[in-house]
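The structure under discussion appears below in the form of structure tokens.
Any read-out appearing in this document is the output of simple, stated calculations on the displayed coordinates, not a laboratory observation. These figures come from a predicted structure and were not determined experimentally. Neighbour counts run over all protein chains shown; Cβ positions are idealised from the backbone, glycine included.
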């Protein structure tokens, strides 16, 4: 019996007996059963293609990541990418090599998939197969030699001061103006903004608590302008919904609704490429330009790695030239 079959069998045995025995007795039973496996050569029925192995390992992997705190949205993406690969390659998972993965990524590239997307898929494969190998479910790690994918580094500009003023002037509702100033002031992710409730805002201390990636809480700060716009918006509402931002019918505003609204405001303002993440880049750039240490900027944005924060910061060449003349 393979390591995967054995692990699945033990897990199912634990589930079936958990209500009948104490944890101590259950552990003794499963250990005894595991020891008996060494005396028999068993095979699971109806396991021809290795599809059952793949599904079992994937389920165990997702359960592990769920325990580690990955969001359900992230787990859905993991499952989608891994199953997408599986649907193009019927090789049993125990027989897979790096060439299976390379062929899949090469086909994706021929289909026109961007290098950034391929890099993300590669990281998922490395995480999944690496975990299975470390857990002893696979003897080899087919993603171990899957080399990094180089991506073209594009300069992503933050909003200029003129852009921001145009966006504010293009707002037709108190909610939209509050939303734009809040995004610019806090640098929150779109999902974080949509999940916020009224009670999360501390107007006295000009701060709020957000729940970021990995269910990690952090404090972000609100400037006086954003606080004023937000207070005006809330004072004009006549509902009892706990959501900080609502859409039509007093329903909590969702990410799709935010993107749509920002696109409409951008068109009226004559500002191109208006999207929520650009506000994060703008805040990061402004804070760095005003002298805030990169570590503190990372804390505000909710980044674990400073390298991630650096990708958000636009370095103005004119500022570099001025600094060079100052220190040279």
Fill in: Nearest 10 degrees, 0 to 90: helix 51-67 Cα axis against the chain principal axis
50
Worksheet entry | Cα Rg, Dmax (largest Cα-Cα span) when computed across region 161-327, Å | 16.5, 58
Practice prompt. Please give the helix 317-327 orientation as an angle from the longest Cα principal axis of the chain, in degrees from 0 to 90, rounded to the nearest 10.
Written response: 80
Worksheet item: Once the Cα gyration tensor of region 91-136 is found, what semi-axes does its equivalent ellipsoid get, as square roots of 5 times the eigenvalues, in whole Å, sorted largest first?
Response: 22, 13, 5
Worksheet entry | Tail beyond 24 Å, pair distance distribution of region 132-225 (Cα, percent) | 50
Worksheet, complete the sentence: Rounded to one decimal in Å, the inverse mean reciprocal Cα-Cα distance for region 213-294, i.e. its Kirkwood radius, is 15.4
Worksheet entry | Neighbour-count order for 185, 19, fewest beta carbons within 10 angstrom listed first | 19, 185
Discussion item. With angles folded into 0 to 90 degrees, how steeply does helix 23-36 sit against the dominant principal axis of the chain? Use alpha carbons for both and round to 10.
Written reply: 50
Item to complete: For region 50-152, divide the Cα radius of gyration by the Kirkwood radius and give the resulting Rg/Rh value with two decimals.
Response: 0.94
Discussion item. Order these by the 10 Å Cβ neighbour count, fewest first: 56, 239.
Written reply: 239, 56
Item to complete: Would you please calculate the Kirkwood hydrodynamic radius of the chain over all C-alpha pairs and express it in Å, rounded to one decimal?
Response: 23.9
Worksheet item: Given only helices, namely DSSP H runs of n ≥ 4 each adding -39500 (n - 2.57), what is the per-residue ellipticity at 222 nm of the chain, to the nearest 500 deg cm²/dmol?
Response: -18000 deg cm²/dmol
Discussion item. How many angstrom lie between the Cα centre of region 70-94 and the Cα centre of region 269-291?
Written reply: 34
Response to the item:
So, with points 7 Å from each Cα along the Cβ direction, the residue 225-residue 264 label distance in nm works out to 2.4
Practice prompt. Going by C-beta contacts inside 10 Å, put 169, 108 in order with the fewest on the left.
Written response: 169, 108
